[in-house]
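J.: Sharing a structure below in C-alpha cells format, with a few things to ask.
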Amino acid sequence: MKPKIVIALAGNPNSGKTTIFNKLTGARQHVGNYPGVTVERKEGYCRYGDMEMQIVDLPGTYSLTAYSTEELVARNFLIDEKPDVVVDIIDASNLERNLYLAVQLMELGVPLVLAFNMSDQARAQGHEFDIEKLSSYFGASIVQTVGHKGTGMKELLEAIVAAAKDGASEMNRNDENPSGALLSKATIHSPFRKRPVMDYGREIEEEIARLESLIKLKVTGKDKDNLRWLALKLLENDKAVRARFDTPEINDQIEKSAARIEKMLGEYPETAIAGRRYGFISGACREAARSTVELRHTISDRIDAVVTNRFVGIPIFMGLMYLVFQLTFTLGDPPMGWIENGFGWLGSQIASWWPKGSKGALKSLLVDGIIGGVGGVIVFLPNILLLFLAIAILEDSGYMARAAFIMDRVMHKIGLHGKSFIPMLIGFGCSVPAIMATRTLENRRDRLVTMLVTPLMSCGARLPIYALIIPAFFPQVWHAPMLWLIYVIGIALAVLSAKLLRSTILKGESVPFVMELPPYRMPTLKSVLIHMWERGWLYLKKAGTIILCISILLWAMTSYPKKTVFDVDYEADAAKSEGTYLSKVTRLNGLLGLPEGAPLLVQALRAELVMAAEQDKYYEHEAGYSDAKKKMDDEILGLTQAPDGGKLSDFLKMRDDVQKTRAAFEESISQDEVEKESSAYSNLSGIRDAALESLRRAAPGTYNAVIHYLDDIEAPFKDEKTRIEQAKQAEEMAYSVAGRIGLALEPFLRPMGFDWKIGTALVGAFAAKEVFVAQMGIVYSVGKADEKSEALREQLRSHYSPLVAFCIMLFCLVSAPCMATISVTKRESNSWKWALFQLGGLTALAYVLTVMVFQAGNLLGIGV
Amino acid sequence: MPLAMVKAGQRVHLVAVDAGRGLQARLADMGLVPGVEIEVVSNALHGPFIVAVKGCRMVLGHGITQKIMVA
Ligand SMILES: Nc1nc2c(ncn2[C@@H]2O[C@H](COP(=O)(O)OP(=O)(O)O)[C@@H](O)[C@H]2O)c(=O)[nH]1
Ligand SMILES: [Mg+2]
C-alpha cells in the first residue's frame, strides 16, 4: 500500500511540465536520482482536500518509444512504477504533435488527465477546441491551463483526484490494492469509465489478437489487463517488452506477424501503427478542433528566415556567443569581488581567534585549507551562473535549437551533429552540468564522444590559472589574444579528438539528425531562473562536497609531515645576515659626518628591527603592537637628543621622505596598472624624480647617504631575509607528502619544463582546477594567493620563462579533467572504462602536446 | 524524388522512407508517416533542412532528406 497517491507529469519537452510542477508543489519539492541512470528526479508534494499527492516531474518525451536516456527514464517510470495518475501536459498551440504521446498513454491504460497548457497562446493563435468531444475520444478529462499564470490549477487537481478515484475503483474490482488514501472513496465510486480502444484496421488487429492469445498464458497479475498493450508493443518491436517474452515461440510469431503486415501494407508494423495513430489524431482534431493554423508559425518563421539564413545565420550566432561571454565576464566581475572580499573577511575573522603568528593546526586548516579552498571555487559562481542564465534564455526562447541547426554542418564534419554543440557550450561554464546535458543525445556513441571531449572546453574553473599567469608573463597587448588563443586551442583539440574518436574506437554510421524546432517564445523570468539554478546547483554541490574534502586533504598533504630538524640552520643564517647589515650601517657614519664607530645610527636601526620582530606577534589593534612602536620611538628620541643626534634625525627624516616618494610612485603605478614605456609611466616617474631632486638639493650629503643605505644596504638585507624564509619553507614543503609527490614526479615533468613545485600544484589541480593557483601560492609561500596576487606573479616571473608559463596553461587546459568530471562521466556512461579512458587519454594528450611545445620552443628559442 | 531536391516554400507529400527499420520508426514517431504533408521551410545544399509537418517545425539532417521519398 502506498502512503500517498503518486502523480506523474509527462509531456513533450517545453510543454510546461516544470512550470506546472512548480505551481502545484510550491516549495515542497526535492531533487533525487532515478535508480541506475542518474537523471535528476524532481518530486514534490501537494495537498488537495484530504488527498496528499506526490508529484513527479518527468523528463520531456515525444513518445513512449524511448530514443534518448531522458526519454527512457520517463518511459520506465510510467511503465514500471505505475503512478496512480498520469497528467500529460500538452502544448495546446501544437496539438497534433503533442497528442501523439496522449494516444500512447491512453493505450497504456493508466488513469490519465490531459492538461491543455499554453491555452493562452492557443487562443491567441486562433485555436478553438471542443473539449467535451476530445475528452471522449481520449477517455480522459481535459483541463485548460496557463502554466506560468497558474490558471486552471484547481480544475487540474479536481480532475487528478477524480481520475485517481476512477483508477482505484477499477483496481478494487480487480482485487488489487489501490493506494491507501483512495481505498475508502473508491468503493463508493461509480464504475470505471471504459477507455476507448484505438482501431488499427483489420490486418494489424488480427496480428494483435494472435499475439494476445499467445502471451495470455504467460502473464500474471496486473499485466492481464494490459494484454492488448503488450501485444501491440511486441508488434512494434519494442526492445524492453520483447525481452520480457523472449521465447522461440513468441519470437517466431512476431516475425511472422511482421512479415504479414509488411506484405499486406507495404510498411513495417511500427511505421503502420504510428501512421494509424496520427490518423486517429488527425480525425479527432478535424472533428473537435478548429484553427487558423497557417497563422501560427508566421512570426516564428520570419525570425527563422533571418536567424537560420545561410549567410547571416553564422555571423548572428557568433555575435550572440560573443555577447554571452562578454556579459558573463563583465557583469560577473563586481560580485566576484564581493565574494572574494567576503571570504577574505571571514578568513581574517577566524584567524583572529588565535594570537597573531600562531601556527596552530586548526587555524591553518580552517583558514588556509577550508576557507581558501572552498572560497576559491565559490568565487566563480557569479560567472558560471551568468553563463547558465544566458544559456537558459537561449534555450527557453527556442534559439538554442536553431543554434544546433546552424552548427550542424560544422559538427557534421567531425562526425557529430548539431545537438552535441549544446553540451559543449555549457562546458565553458562547468563540465559537470555539460556532461549531464549530453542526455538529450540519442545515440550512445555520439553521447560518449561528446562526453569525452567536453572537458576540453575551457571551463570557468580554469580561468584563474590563466588570469594569474598571463599578466605575469605577457605584455598588456597580449593579454586578450593570449586568453583567446587558449580557448581556441581547447576547441580545436576537442574537434580533432572528436574526429579521431569517431573514426577509431567509436566508429559507426553517423546517426540521423532529427530535432523538433520549438516556436520562439518569450522566456519567463521565473523559468529562466529555475533552469539556471538547476545547473548552477550542480557546480555548487561540487564545491560543497568534493572540493571541501579535497581542500582538507590537500591542506594535510602540504602541511604534513612537519619538519622539525632542518638541513640548514636558518636562524644562524638570519643572525649572520643581520650582523652584516648592521656592520655596513656603521660604515655610513663617514658619509653623514659622524665620528667613525659612533653607535647612534646602528642603535636606531637595531631598535627598528626589534620593533618589527615584536610587532609580528600582535595584531595592529592589540596593545603589544603599539607598545613596541612606543618603545622604539622612545629609544630613537633618546638617541636624537644625544650629541650629534641632529644628524641622526636628519638621516631618518630624509630616509622616510625618499621612501614615501618612491612608494607613492609604485602605488599609482600598480593601482592604475600603468604599463612601462607608456606616457603615463614616464609622467609619473618624472614627478617622482623631480621630488627626489628637490630632496637632494636641500641636503646633498644626507641624501646620498640615504640612497646608498636604501639601495646598497637595506635592499640586499631584505632580499636575503626573504631568501632565507623561502628556503626554509621550500625545505618544509619538499618534506611534506605533496612535496614528495611533486619531487617523485619531477623526472616526468622536466621534459615539459616543470619543476617539482608545479608538480605539487598539478596534484591539487587534478582534484579541482581551481586549486592550482592556491597551491602555487602555498609552494611559493606568498601567503594566501588568488589569481590577482602580484607577489605570486613576481615569484613566478623570477622562476619560470614565458615558455614554461604557456606550457603550464596548456597542460592545465588539456590534462586530466577534475575529479568531479571524472565521476560524472562514470555515472553518465555507466562505466568506469570510459571515465578512466577520459582521464588517461586527456592526460596523455596534454603530456605529449606540452612536451612538444616546450621542446620546440626551447630549440627555436621562443620565450626562453 | 528525395526530399533533398525540394525547394524552399514547396509542399509535398511523403511517399516512403527509404531507410532502415529503426530510422523509419523514429521518423514515423515524429509524424513523418506516408501521406503526410511536408512543407520545406528552409533548405541548405548539403546541409540540414527545416520542414513543417502537422504545424510543427523540425530539422532533418542532410542524410535523412535524401532518404525521404516525396511526391
Ligand atoms: N505562454 C505560455 N508559456 C508557458 C506556459 N506554461 C509554461 N510556459 C513557458 O514555457 C517555457 C517552458 O516551460 P517548462 O516548464 O520549462 O517546460 P518543460 O520542458 O515541459 O519542463 C517556459 O519559459 C515557461 O515559462 C503557458 O501556459 N503559456
Ligand atoms: Mg522541465
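J.: Under a 1.4 Å probe, what is the accessible area of segment A:526-652 per residue, stated in Å²?
T.: It amounts to 56 Å² per residue over segment A:526-652.
J.: Kirkwood Rh over Cα pairs of chain B into Stokes-Einstein at 37 °C, 0.692 mPa s: D in µm²/s?
T.: So the translational diffusion coefficient is about 282 µm²/s.
J.: Determine the shape class of segment A:570-727: with a ≥ b ≥ c the square roots of the Cα gyration tensor eigenvalues, call it rounded for a/c under 1.5, and otherwise prolate if a/b is greater than b/c, oblate otherwise.
T.: oblate
J.: Okay, moving on. If you take the accessible area of A alone plus B alone and subtract the pair, what total do you get in square angstrom, rounded to 100, with a 1.4 Å probe?
T.: About 3100 Å² of accessible surface is lost on pairing.
J.: How about chain B: which trypsin sites (Lys or Arg not before Pro) there are in a DSSP loop, with at most 13 other Cβ atoms within 10 Å of their Cβ?
T.: Those satisfying the criteria are B:LYS7.
J.: How much accessible surface area, in Å² rounded to 10, belongs to the heavy atoms of A:THR545 with a 1.4 Å probe?
T.: We get 80 Å² for A:THR545.
J.: Using a probe radius of 1.4 Å on heavy atoms only, what accessible surface per residue do you get for segment A:313-420? Whole Å² is fine.
T.: Normalised by residue count, the accessible surface of segment A:313-420 is 43 Å².
J.: Where in segment A:658-708 are there trypsin sites (Lys or Arg not before Pro) that are in a DSSP coil and have at most 14 other Cβ atoms within 10 angstrom of their Cβ? Mind showing how you got there, number by number?
T.: Working: sites: A:LYS660, A:ARG662, A:LYS676, A:ARG688, A:ARG696, A:ARG697; in loops: A:LYS676.
Filter output for segment A:658-708: A:LYS676.
J.: Let me ask something else. At a 1.4 Å probe, which residues in segment B:35-69 are at least 50 Å² less accessible with all protein chains present than in their chain isolated?
T.: At a threshold of 50 Å² (probe 1.4 Å), the residues of segment B:35-69 that become less exposed are B:PRO48, B:ILE50, B:LYS54, B:GLY55, B:CYS56, B:ARG57, B:VAL59.
J.: Rg(Cα) of segment A:202-296 divided by 2.2 N^0.38 Å? Intermediate results must be reported in sequence, preceding the final value.
T.: Details: Rg = 16.2 Å, N = 95, 2.2 N^0.38 = 12.4 Å.
For segment A:202-296, the normalised Cα radius of gyration comes out at 1.31.
J.: On the accessible surface of segment A:690-729, probed at 1.4 Å, how many percent belong to carbon and sulfur atoms?
T.: The nonpolar share, carbon plus sulfur, comes to 51 percent.
J.: Using the Cα centre as the reference, give the magnitude of the dipole from point charges on the C-beta atoms of the protein assembly as shown (Lys, Arg: +1; Asp, Glu: -1; all else neutral), rounded to the nearest 20 debye.
T.: Working: 103 positive and 103 negative charges, 438 e Å.
Using only the charged Cβ atoms, the result is roughly 2100 debye.
J.: Provide a whole-number value for the mean count of partner chain Cβ atoms within 10 Å of the Cβ atoms in peptide A:263-273.
T.: Counting other chains' Cβ atoms within 10 Å and averaging over A:263-273 gives 4.
J.: Follow-up. How much accessible surface area, in Å² rounded to 10, belongs to the heavy atoms of A:ILE552 with a 1.4 Å probe?
T.: The value for A:ILE552 is about 70 Å².
J.: Indicate the residues belonging to segment A:389-416 that lose 50 Å² or more of solvent-accessible heavy-atom surface (probe 1.4 Å) upon moving from the chain alone to the assembly of all protein chains, ignoring ligands and nucleic acids.
T.: Residues losing area: A:PHE405, A:ARG409.
J.: Suppose each label sits 7 Å from its Cα in the direction of the beta carbon; what would the A:ALA480-A:ASP711 distance come out to in nanometres?
T.: Here the modelled spin labels are 3.8 nm apart.
J.: Rounded to the nearest whole Å³, what is the per residue volume of the convex hull around the Cα atoms of segment A:472-560?
T.: About 271 Å³ per residue, rounded to a whole number.
J.: How high is the FRET efficiency from A:ASP569 to A:ALA492, r the C-beta distance, R0 56 Å, rounded to 0.05? All intermediate terms of the calculation are to be shown ahead of the outcome.
T.: Working: r = 53 Å, r/R0 = 0.95.
Between A:ASP569 and A:ALA492 the formula returns 0.60.
J.: Also, quick follow-up: Using 7 Å Cα-to-Cβ label points, what is the A:GLU206/A:GLU596 separation (nm, one decimal)?
T.: 12.9
J.: What's the angle, to the nearest 10 degrees (0 to 90), between helix A:298-307's Cα axis and the longest principal axis of chain A?
T.: Computed tilt is about 40 degrees.
J.: Now for a separate question. In angstroms, what radius of gyration and Dmax does the protein assembly as shown have, counting Cα atoms only?
T.: Here Rg and the maximum Cα pair distance are 36.4, 125 Å.
J.: Let me ask something else about it. Provide A:TRP533, A:TRP229, A:TRP354, A:TRP338 ordered by accessible surface of protein heavy atoms (probe 1.4 Å), highest first. Intermediate results must be reported in sequence, preceding the final value.
T.: Numbers: A:TRP533 115, A:TRP229 15, A:TRP354 55, A:TRP338 175 Å².
The most accessible residue leads, giving A:TRP338, A:TRP533, A:TRP354, A:TRP229.
J.: For a label point 7 angstrom out from the Cα of A:VAL306 toward its Cβ, which stretches of segment B:1-18 have the backbone nitrogen within less than 14 Å?
T.: No residue passes the distance filter.
J.: Modelled label-to-label distance, A:THR843 and A:ILE299, 7 Å Cα→beta-carbon offset: nm?
T.: 5.4
J.: Same structure, new question: Along the charge dipole of chain A, pointing to its positive end and built from +1/-1 on Cβ of Lys, Arg, Asp and Glu, which listed residue (A:VAL312, A:SER348, A:PRO59) has its Cα farthest out?
T.: A:PRO59
J.: Let a ≥ b ≥ c be the square roots of the eigenvalues of the Cα gyration tensor of segment A:676-826; is it rounded (a/c under 1.5), or, if not, prolate (a/b larger than b/c) or oblate?
T.: Prolate shape, in that a/c is at least 1.5 and a/b is the bigger ratio.
J.: Highest first, please rank the peptides A:112-124, A:610-622 by the mean number of other Cβ atoms sitting within 10 Å of their residues.
T.: Result, highest mean Cβ count within 10 Å first: A:112-124, A:610-622.
J.: Right, next: With every protein chain present, what is the per residue accessible area of segment A:202-296 (1.4 Å probe, Å²)?
T.: Heavy-atom accessible area per residue stands at 51 Å².
J.: Related question: Of A:LYS17/B:LYS67; A:LYS82/A:LYS218; A:LYS23/A:LYS541; A:LYS17/A:LYS413; A:LYS660/A:LYS718, which ones are farther than 27 Å apart at the Cα?
T.: A:LYS17/B:LYS67; A:LYS17/A:LYS413
J.: Probe radius 1.4 Å, ligands and nucleic acids left out: which of A:THR586, A:THR564, A:THR69 has the largest accessible area, and how do the rest follow?
T.: Heavy-atom accessible area, descending, gives A:THR564, A:THR586, A:THR69.
J.: Residues of A:514-527, mean number of Cβ from any other protein chain within 10 Å of their own Cβ, rounded to a whole number?
T.: On the way: counts 12, 8, 7, 8, 3, 3, 0, 0, 0, 0, 0, 0, 0, 0.
Averaged over the peptide's residues, the number is 3.
J.: Karplus couplings for segment A:457-472 from phi (6.51 cos²θ - 1.76 cosθ + 1.60, θ = phi - 60°), rounded to Hz, Gly and Pro as x?
T.: In residue order, the calculated couplings are 6, 5, 7, x, 6, 8, 4, x, 5, 5, 5, 6, 7, 4, x, 6 Hz.
J.: Loop-only chymotrypsin sites (Phe, Trp or Tyr not before Pro) in segment A:265-335, please: DSSP not H, G, I, E or B, and at most 10 other Cβ atoms within 10 Å.
T.: A:PHE311
J.: Heavy atoms of the protein only, probe of 1.4 Å, neighbouring chains included. What is the accessible area of A:HIS417 in Å², nearest 10?
T.: 10
J.: Would you kindly work out the equivalent ellipsoid of segment A:619-700 from its C-alpha gyration tensor and give its semi-axes, the square roots of five times the eigenvalues, largest first in whole Å?
T.: Semi-axes, largest first: 33, 21, 5 Å.
J.: For chain A, find the longest principal axis of its Cα atoms and tell me its angle to the long axis of helix A:479-503, 0 to 90°, nearest 10.
T.: 40
J.: Rule-of-thumb check for segment A:23-164: C-alpha Rg over 2.2 N^0.38 Å?
T.: Rg over 2.2 N^0.38 Å, computed on Cα atoms: 1.03.
J.: If you roll a 1.4 Å probe over segment A:229-322 with all protein chains in place, what percent of the accessible area is carbon or sulfur?
T.: The computed percentage sits at 59.
J.: Cross-link list A:LYS359/A:LYS721; A:LYS165/A:LYS526; A:LYS584/A:LYS647; A:LYS419/A:LYS499; A:LYS363/A:LYS630; A:LYS563/A:LYS617: which exceed 25 angstrom alpha carbon to alpha carbon?
T.: A:LYS165/A:LYS526; A:LYS363/A:LYS630
The values are calculated or read from the model by the stated rules, or taken from the named source; none is laboratory data. Not measured: the values here are computed from a predicted model. Using ideal geometry, Cβ is built from the backbone for each residue, glycine included, and neighbour counts are taken over all protein chains shown. Ligands, DNA and RNA are stripped out before the accessible areas are found, and what is left, the full protein with its side chains, is counted by its heavy atoms. Shrake-Rupley method; radii C 1.70, N 1.55, O 1.52, S 1.80 Å.
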